[in-house]
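To start, the structure itself, in structure tokens.
The values are calculated or read from the model by the stated rules, or taken from the named source; none is laboratory data. Predicted model only: the values in this text are computed from it and were never measured. Please note: Cβ atoms are built from the backbone with ideal geometry, for glycine as well, and neighbour counts cover all protein chains shown. Surface areas here come from the heavy atoms of the whole protein model, side chains and all, with no ligands, DNA or RNA. Shrake-Rupley method; radii C 1.70, N 1.55, O 1.52, S 1.80 Å.
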Amino acid sequence: MALRAPGSIVALAFVAALAGGAAGCDMPRAGGERSSARNPAAGRRGVFDGITLTPLEVQLSGPPATQYGAPTPHALSPTEQSIAAAMTEQGMVPDPGLHRASRELARTLPDGANIPSTLIEAVLSWAGIVHPPPRLVVVELPEDPAACFASYTAACAGAVRSLVGKVERTDSRIPPRFGVGVARGSNGDTRMVAAVLDPMVAMAPIPVTMPARQTVQVRGRLVGARKDPSVEVVDPGGRGFTASTSISLDGSFVAQIECAARGAYQVEVMAEGSHGPEVAANFPLYCDAKPPTRLRVELERIAAGVDESAMARANFAHLNEERKRRGLSPLSWDDRAAKVASAHSKDMARNGFVGHVSPRTGDVSARFERNRIVGSVIRENVARGYGPKGVHDSLMSSPGHRVNLLADDVTHVGIGVVIGPEDPEVSGAPRPLFVTQNFFKKPGAGAPRDGQLAPTIRARVDGARAQRGLAQAQWDDGLDAVAATLAARVASGRRLPSGWENEVFDLGYETVTTHQVSGADFDQLSGVDLFLEPTLAAGIGVARLPRGEGFTMIVLTVGK
């Protein structure tokens, strides 16, 4: 940041946002180049070209909340009271938990112009907040002769006005909730913090910790026009699942989460909003474990001149490093998907939203189709943050987004980053990033060579039938040959020849039924229902569609 004159006031506004998790298609549908942004000289501190990550240890100042959503007593200092009174006059509702979180952020921020997303999320849960990160406004006083962090005098009024003036209201009909905090920062400056959020869900109190083998109820009610709540969970072992949830007509819901393994369960409430899936709440529950009070975070610094393409490539590198650590195959970069992702990020930046569904371009499937990109599986993450690693960490802490990052049913990704406008009042303040990640599986990806297409499907069907206790399928090599000829004709756009059934009858069969399946994903061809009939006598032929758009499968079922 630029040097400031004694007593000057610097006001910064921050907001981090994630839209909902998967926006995907995993049914068969008929009809880039990979690179890394990692600096070869990168070391343990995670240095990319123009982007550095510095690990920091943060000790929180008191015990964590024992319940989420329960009133937390928190006395405000005189300066905090002045800020809170001004914000209340604007129609906002004070929240004791947000007050506590705001003061802790004012105290622990490593840099008033650079706020690690992991620190915000950790402080929120420590303070008993279930909501996603709020909009933050930070005012710094490099010199504070009036000791505004401890008392309020007329000398503090200008900083208070600056803070309150930077708080932006939204169009929500529900009054936003806010918290304020003033403290001497870790860099010696006095910091004033205002945190504002628009609640998307009203949650009943939830205990932060769970005894072993006990069950906790997650109860809540969606706020506003949102609908279709679901509760997504990642358990201490990294396994994701959707909790069994009962939903009432008024939008209220109840989910059960069992403490089956020691550690943290990350819980996320998803809902359908105006721009598609939204994260309505996100918080950890601790099973037979204590919430942490010492945090390890990373301060991400981005040098001037790092462009949007470099940001996207850095985010891509973090994604594949995450997959590699978990033994997953890396994803390949795709330029066409990156172009679609960049266009959507630009749409979000220009029109002030973070979501999957755009009034101008529709959803991700529509965007892929418009750009003639075929994917047998399509997934999308969207986010707003302040650095490629910070965005990655926020996505990983969200069960719905984490599923997409670690999905094993995709092969390629395109990432688009758009850098938002700079704060005209503060030179050197971080600029927001609007990020879109488009994951997909290319047609034919992972399929065996041509001579093994049908044998692979036969082996998979045999395995599936054995697992379900069904009778062994009766395969016929002669039927396979007939089916292969028919599949090749259909894949090339020709009709079936007249009289082809005689070839089947010559094999000694009295009846034959033809089944045709076309799809972009080879792996899903073996999952058609007819393969799980009580008895199965058949032949299989598989051919690739032209231009790599998928496969055509002919299955001939016969009887004597």
The one condition in (1) farther than 26 Å from Glu298 by Cα; (2) touching a strand residue (DSSP E or B) at 6+ places or on another chain (Cβ under 7 Å) that Glu369 fails to fulfil: (2)
Residues of segment 448-481 being open to solvent by less than 70 Å² (accessible area, probe 1.4 Å), assigned to a helix (DSSP H, G or I) and under 16 Å from Val528 (Cβ atoms), in sequence order, are Leu453, Ala454, Thr456, Ile457, Arg458, Ala459, Val461, Asp462, Gly463, Ala464, Arg465
Identify, by number, the condition in (1) among the hydrophobic types (A, V, I, L, M, F, W, C); (2) crowded, with 18+ Cβ neighbours inside 10 Å; (3) within 30 Å of Arg402 (Cα to Cα) that Val490 doesn't meet. (3)
State the number of residues belonging to segment 356-387 that are closer than 18 Å to Ile419 by Cα, among the small types (Gly, Ala, Ser) and either at pLDDT 95 or above or part of a strand (DSSP E or B) (or both). 2
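To keep it simple, each residue is scored yes or no on (1) open to solvent by 30 Å² or more (accessible area, probe 1.4 Å); (2) not charged (D, E, K, R).
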{"residue": "Pro116", "(1), (2)": "no, yes"}
{"residue": "Glu121", "(1), (2)": "yes, no"}
{"residue": "Ile129", "(1), (2)": "no, yes"}
{"residue": "Ser151", "(1), (2)": "yes, yes"}
{"residue": "Ala157", "(1), (2)": "no, yes"}
{"residue": "Ser172", "(1), (2)": "yes, yes"}
{"residue": "Pro175", "(1), (2)": "yes, yes"}
{"residue": "Gly188", "(1), (2)": "yes, yes"}
Of the listed residues (Phe439, Phe434), the one being aromatic (Phe, Trp, Tyr) and either surrounded by fewer than 22 Cβ atoms within 10 Å (Cβ to Cβ) or farther than 29 Å from Ala304 by Cβ (or both) is Phe439
What residue, among those in segment 225-251 that are under 14 Å from Ala281 (Cβ atoms) and not in a strand (DSSP E or B), is most open to solvent (accessible area, probe 1.4 Å)? Arg226
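Residue by residue, here is whether (1) closer than 19 Å to Leu76 by Cβ; (2) in a helix (DSSP H, G or I) holds:
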| position | (1), (2) |
| --- | --- |
| Arg107 | yes, yes |
| Val137 | yes, no |
| Glu140 | no, no |
| Glu143 | no, no |
| Ala150 | yes, no |
| Ala159 | yes, yes |
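Per-residue answers, yes or no, for (1) at pLDDT 95 or above; (2) open to solvent by less than 70 Å² (accessible area, probe 1.4 Å):
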| site | (1), (2) |
| --- | --- |
| Ala312 | yes, yes |
| His318 | yes, yes |
| Asp335 | yes, no |
| Ala341 | yes, yes |
| Ser345 | yes, yes |
| Val354 | no, yes |
Can you tell me how many residues in segment 493-522 are farther than 15 Å from Gly539 by Cα, within 42 Å of the chain's Cα centre (by Cα) and surrounded by fewer than 17 Cβ atoms within 10 Å (Cβ to Cβ)? 1
